[in-house]
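Where a number appears in this text, it was derived from the coordinates with a stated rule and is not lab data. Note that the structure is predicted; figures quoted are calculated from it, not measured. All Cβ positions, glycine included, derive from the backbone under ideal geometry; neighbour counts span all protein chains shown.
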Amino acid sequence: MFLNYAVWDSVSDFRAAFTNPEFRARLSDYPETATVSPHLFRKVDVPGICAA
């Protein structure tokens, strides 16, 4: 399993990347057997465990 982790300034920046032709062209660099599945996660505070 391979994970590519990125921090985006905003959801709109994330969306803009996936509509950018240069960025999309780089997705073809992954092997044909790779599954590319972008996800967005939101940091949350968990009292007593972690802070966002």
Check: Give me the pairs: first residue in region 1-29 and under 10 Å from L40 (Cα atoms) and touching a residue at least 24 places away in the same chain (Cβ under 8 Å), second residue in a loop (DSSP other than H, G, I, E, B) and among the aromatic types (F, W, Y), beta-carbon distance under 8 Å, and six or more apart or on different chains, which are they?
Finding: F14/W8
Notebook entry, point to check: For region 27-52, how many residues meet the condition of being surrounded by 10 or more Cβ atoms within 10 Å (Cβ to Cβ) and outside any loop (DSSP other than H, G, I, E, B)?
Noted result: 1
